[in-house]
Amino acid sequence: MVFQKQLLDAGRALSRDEVKALAFLCSDLLGRNTSSVESATDLFTRLKDQDFLSDEQPHLLTELLLIIQRTRLIRELGLPDRTPTTRNLISPYRKLLYELSEDLTDENLKEIKFLLNGKLPRRKLEENVTTLEVFLEMEQMDLINNTDLKSLELLLQFCCPVLTEKINRFKEQQAVPHSGLIAQETGRPRSMTYPLEPNNNQSTMSSFTTSMDFTNVAHGGDNLEDLSHEMSGLSTRTGSCSSMTVRTDALAISQSELNVSSSEKQVAPTTNTNTEELGSYPMNAEKRGFCLIINNHDFSKSKQYLQRREGTMVDEERLIKVFEWLQFDTEIKRDCKREDMLSALHELSRRDHSNVDCLVCCILSHGELEDFLLAMSTVPSFVSFRERVNGTWFIQTLCQNLVQMVPRGADLVSILTKVNGDVSKKTDITGQKKQMPQPAFTLRKKVVFPKPSIPPPAL
């Protein structure tokens, strides 16, 4: 009731233009269908219905009011005065368009409409149509999107050249590897939790990183800037052991060759690729290696207002079954603070890895993307989904395909390609929520796990 009163008071304090601005900023969350939003209460009701707003999670309202610079209203409503970076729901692209609309004068808008004559329907170029409405129509006509702003940039060069610098800065930021485990989504950061159906399904940030050297791990709970240093140094301290890392409901794998004799490093040739054959990384040690699973479920003590990651225990169970089946020794650490995670990784680095093939570290957590090559559970600027009963779409599909394809001799990249296809076909009960993983890797050989001698686990 208290939060409902806060929403009511916020709606009363916002002007009609401000409500339209908030609806525009939330257009990604609302499926870009904002035409039915007539008032603040309409907007807040739709956001609550889709579980983007609640008394436990009021941060979207704070974020929206910060963007439109109503900081005093935030204080008057008694809302959190900041939004954790892992909770940002509004994409940088959406913010950019809003900021441009605020900087364009009425005369600039008239000139833009004139230049768009013949490109947009005439009714969308009438005098009463706002800048944000023009932007939305340009998106509908596929003239602009978060990866293609050429048309908008050209318009600004004619009408208000100084604003093209904002677009340049945005493109520079997008070109740099996103700093948040998963970048911010188009309208939603991947680190967020989004329900797929009431009280059942949620989304979470997921990524699967693949690199020739030991890569970074996501943050769990508090920001863990030092964690990346610990992970990047782990491969050095463990010699040249093959390694895998998994972060935030996802598997991050990096592979480097074992320090073995030249005779041991002979690998069987596989299929042809253009002019030369690919080999496989050696998988012939007495033990496959260690698999450390750090599973952060309870965030009630987090400073960043993060929700419990319901469904993560299912992911943990699947990972244990699959990696034990693949002959890894698995260890579990739960609800680790920053220092606990660093300590676990440091202890892992001190072990003797000379007689194993791989090192796997699975970190299931809220988190942010880290300046590395990833095979992420979703494309930049979009969320990955987590079901409270079945766990994440990505981990579900990854484990299923490992179980099915490893016995066939499939390599890891082929398995990830199959994961891409399977996840892309998934949807929620409304048929609206979709997800597409995005692998990226620097492997020079195939990663092929030997076929286990025991039957695969039941998932």
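Might you let me know whether the range 142-159 holds any residue that is closer than 19 Å to I68 by Cβ, over 26 Å from the mean Cα position of the chain (by Cα) and open to solvent by 70 Å² or more (accessible area, probe 1.4 Å)? No: zero hits.
So R72 ticks every box in (1) charged (D, E, K, R); (2) part of a helix (DSSP H, G or I); (3) within 27 Å of E139 (Cβ to Cβ) but one. Which box is left unticked? Condition (3) is where R72 drops out. Residue count for the range 402-412, restricted to those that are crowded, with 21+ Cβ neighbours inside 10 Å and in contact with a Lys or Arg (Cβ under 9 Å, 6 or more places away or on another chain): 3. So in the range 308-324, with the set limited to residues that are open to solvent by 50 Å² or more (accessible area, probe 1.4 Å) and out of contact with any Asp or Glu (no Cβ under 7 Å at 6 or more places or on another chain), which one is farthest from L60 (Cα to Cα)? Ranking the qualifying residues of the range 308-324, first place goes to E324. Residue count for the range 75-91, restricted to those that are in a helix (DSSP H, G or I), buried (at least 19 other Cβ atoms within 10 Å of the Cβ) and under 24 Å from the mean Cα position of the chain (by Cα): 2.
Of these, L25, L66, which one is at pLDDT 90 or above and surrounded by fewer than 21 Cβ atoms within 10 Å (Cβ to Cβ)? Of the residues listed, the single one that is at pLDDT 90 or above and surrounded by fewer than 21 Cβ atoms within 10 Å (Cβ to Cβ) is L66. Tallying residues that are in a helix (DSSP H, G or I) and either open to solvent by less than 10 Å² (accessible area, probe 1.4 Å) or of a type in the set (S, T, Y) (or both) within the range 326-343 yields 2.
Among the residues of the range 288-320, those identified as within 14 Å of C336 (Cα to Cα) and in contact with a Phe, Trp or Tyr (Cβ under 9 Å, 6 or more places away or on another chain) are I293, F299, R308, R309.
For the range 417-459, the set of residues classified as closer than 23 Å to W325 by Cβ, open to solvent by 60 Å² or more (accessible area, probe 1.4 Å) and assigned to a helix (DSSP H, G or I) consists of T417, K418, listed by residue number. Restricting to the range 275-304, and then to whatever is in contact with a Lys or Arg (Cβ under 6 Å, 6 or more places away or on another chain) and open to solvent by 40 Å² or more (accessible area, probe 1.4 Å), can you tell me which residue is modelled with the lowest pLDDT? Applying the filter and picking the extreme gives L278. Go through I454, I429 for me and flag whichever is over 22 Å from C362 (Cβ atoms) and more than 21 Å from the chain's Cα centre (by Cα). When all the criteria are applied, what remains is I429.
Taking first residues from the range 313-327 that are more than 14 Å from E387 (Cβ to Cβ) and partners that are of a type in the set (S, T, Y), the Cβ contacts under 9 Å between residues at least 6 apart in sequence or on separate chains come to L319/T330; I320/T330; F323/T330; E324/T330; Q327/S453. The number of residues in the range 352-392 that are assigned to a loop (DSSP other than H, G, I, E, B) and at pLDDT 80 or above comes to 8.
Might you let me know whether the range 186-205 holds any residue that is within 22 Å of R122 (Cα to Cα), modelled with pLDDT under 90 and assigned to a loop (DSSP other than H, G, I, E, B)? Checking the range 186-205: not a single residue is within 22 Å of R122 (Cα to Cα), modelled with pLDDT under 90 and assigned to a loop (DSSP other than H, G, I, E, B).
Is at least one residue of the range 41-59 loosely packed, with under 15 Cβ neighbours inside 10 Å, more than 21 Å from Q307 (Cβ to Cβ) and in contact with a helix residue (DSSP H, G or I) (Cβ under 8 Å, 6 or more places away or on another chain)? Within the range 41-59 (the criterion being loosely packed, with under 15 Cβ neighbours inside 10 Å, more than 21 Å from Q307 (Cβ to Cβ) and in contact with a helix residue (DSSP H, G or I) (Cβ under 8 Å, 6 or more places away or on another chain)), the answer is no, since none of the residues qualifies.
The values are calculated or read from the model by the stated rules, or taken from the named source; none is laboratory data. Predicted model only: the values in this text are computed from it and were never measured. With ideal geometry, Cβ positions are generated from the backbone for all residues, glycine too; neighbour counts draw on all protein chains shown. Surface accessibility is based on the protein's heavy atoms, side chains included, excluding ligands, DNA and RNA. Shrake-Rupley method; radii C 1.70, N 1.55, O 1.52, S 1.80 Å.
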